[in-house]
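Input: a single structure, listed below in structure tokens.
Read-outs throughout are calculated quantities, based only on the coordinates presented, and are distinct from any laboratory measurement. All of these numbers come straight from a predicted model, not from anything done at the bench. Cβ atoms come from the backbone with ideal geometry, glycine included; neighbour counts cover every protein chain shown.
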């Protein structure tokens, strides 16, 4: 049984700084590498280009606070969300369980997708487009 994850405010998700990170990096035109890691130390300085909140339509099944940021000369699409204990254990192993609330089993996590280096005349990149395959140490997804 999955806990109710629908009751989290935009302001709250915007303010958290998760330690549980999944870095998604493009590898060629059709592949992505997914690297889960636990962030140590402070966040790098970021310039927020665009941001928003989706309480109902995320494919993660939980409210998501998203932002597109510049970090140096790279751009990332970041999605902050609530992860269940099972999701944390699958992605980050037992080390990630330290970040789960002891009562609810919920942890804050973030998916950071490195956006391709495409010049859009100063506008944030909206997505990759086209078909994609995802490679991870735990799974491989082909989306044709």
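Can you classify segment 10-119 as rounded, prolate or oblate using the Cα gyration tensor, where a ≥ b ≥ c are the square roots of its eigenvalues, rounded means a/c under 1.5, and otherwise it's prolate if a/b beats b/c and oblate if not? Show your work: numbers first, answer last.
On the way: a/c = 1.64, a/b = 1.39, b/c = 1.18.
Prolate shape, in that a/c is at least 1.5 and a/b is the bigger ratio.
Mind giving me the nanometre distance, one decimal, between the label points for residue 70 and residue 27, set 7 Å out from Cα along Cα→Cβ?
Distance between label points: 3.0 nm.
Once you sort the root eigenvalues of the Cα gyration tensor of segment 49-101 as a ≥ b ≥ c, which label holds: rounded (a/c under 1.5), prolate (a/b larger than b/c) or oblate (the other case)? If you can, show how the numbers build up before the last one.
Details: a/c = 3.04, a/b = 1.47, b/c = 2.07.
Because a/c hits 1.5 or more and a/b fails to exceed b/c, segment 49-101 counts as oblate.
Evaluate E = 1/(1 + (r/R0)^6) for residue 44 and residue 101, where r is the Cβ-Cβ distance and R0 equals 30 Å; express this FRET efficiency to the nearest 0.05.
Numbers: r = 26 Å, r/R0 = 0.87.
According to the calculation, E is roughly 0.70.
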